[in-house]
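Everything below concerns the one structure shown next.
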Ligand code: ADE
Ligand code: ZN
């Protein structure tokens with residue numbers, strides 16, 4: 001099953017940066033971020049909130065469009081090695097040019113060049129979802145949404161929110177989501193990872209998203225699970241991330257199989273793969289071991305994922 005064609009809908013571009021790649025950039029730029037690595041050169045963090053700090057420190061080594069171009073090539077090489085044929089990645093104008101529109105366009109141009117080359121050379125198609133960062137606050141989210149609206153199109157296909165789910169409430173970000181929706185972008189929000197079922201309800205009601213990043217804690221409220229199933233709201237589930245961050249002790253304890261059994265459209269992603277020592281191939285293997293999922297089940301999920309992808313129908317037809 002690890003050889004099956006895979007569709008990944010939830011991947012943070014900076015979070016997919018191999019630690020050696022970030023260490024190399026830091027050395028080139030004489031940046032001292034050695035504290036984010038352990039003795040083996042892996043990222044080191046204590047919990048989710050520390051992870052966010054380490055993520056931002058690692059991202060500080062990415063300082064130019066050229067750095068992002070190299071990052072995209074490195075990340076898609078790994079995706080292709082796992083059998084990923086289509087991937088949507090979260091991009092943050094916060095990190096790419098500080099939400100300045102002119103700078104953001106230059107970063108995006110470089111990112112697309114690397115993505116086009118990877119499609120040609122490795123057969124993996126990438127699309128972008130602009131994401132605001134919840135703990136950076138609603139004002140910055142508005143600026144991010146303006147960048148998103150300006151570059152919405154065939155390649156930038158969605159808008160979302162990541163970061164600390166415990167900060168503020170989805171309704172604080174409504175203006176940003178309305179702006180993105182009016183520009184034709186499809187919507188997703190991280191919820192139900194560190195917040196409970198009410199956090200998922202709030203995101204669905206106040207931001208009118210069609211996908212939820214994680215969303216797994218919906219399982220704590222079966223009426224909500226039924227509602228997600230009935231409304232066809234898709235969960236971008238990242239089991240290895242949830243296990244690595246301590247949300248569930250093992251893959252066997254993860255609710256993905258029960259959500260699937262109850263009719264929720266689940267998909268499989270890696271979130272921030274090197275941080276969580278995972279790959280798409282590993283996610284498949286662990287889910288096979290934990291739930292005895294077979295090729296048929298994985299094919300169903302890959303189809304479900306492509307259906308839920310934000311790209312246009314022509315792109316989907318080429319991949320299917
Ligand atoms: N940004 C990167 N990974 C994230 C996660 N798992 N939750 C929220 N924000 C993130
Ligand atoms: Zn995420």
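Values quoted throughout were computed directly from the atomic coordinates according to the rules given, and no laboratory measurement underlies them. In this text, all values refer to a predicted model and were calculated from it rather than measured experimentally.
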Mean separation of Cα contacts under 8 Å (at least 6 apart) over the residue count of segment 1-157, i.e. the relative contact order in percent, is 26
With segment 95-141 reduced to its Cα atoms and the Debye formula applied, log10 I(q)/I(0) at q = 0.15, 0.27 1/Å amounts to -0.50, -0.98
As a Kirkwood estimate from alpha-carbon pairs, the chain has a hydrodynamic radius in angstrom of 19.4
D (µm²/s, integer) via Stokes-Einstein for segment 165-320, Kirkwood Rh across alpha-carbon pairs, 10 °C, 1.306 mPa s: value 99
Computed over segment 18-61, the relative contact order (Cα-Cα under 8 Å, seq sep at least six) in percent reads 41
Semi-axes in Å, largest first, for segment 18-61 (Cα gyration tensor, √(5λ)) are 17, 11, 8
For segment 79-205 (alpha-carbon point model, no solvent) the Debye-based log₁₀ I(q)/I(0) at q = 0.12, 0.17, 0.19 Å⁻¹ works out to -0.46, -0.86, -1.02
Length-normalised contact order of segment 102-235, Cα under 8 Å, at least 6 apart, in percent, tallies to 18
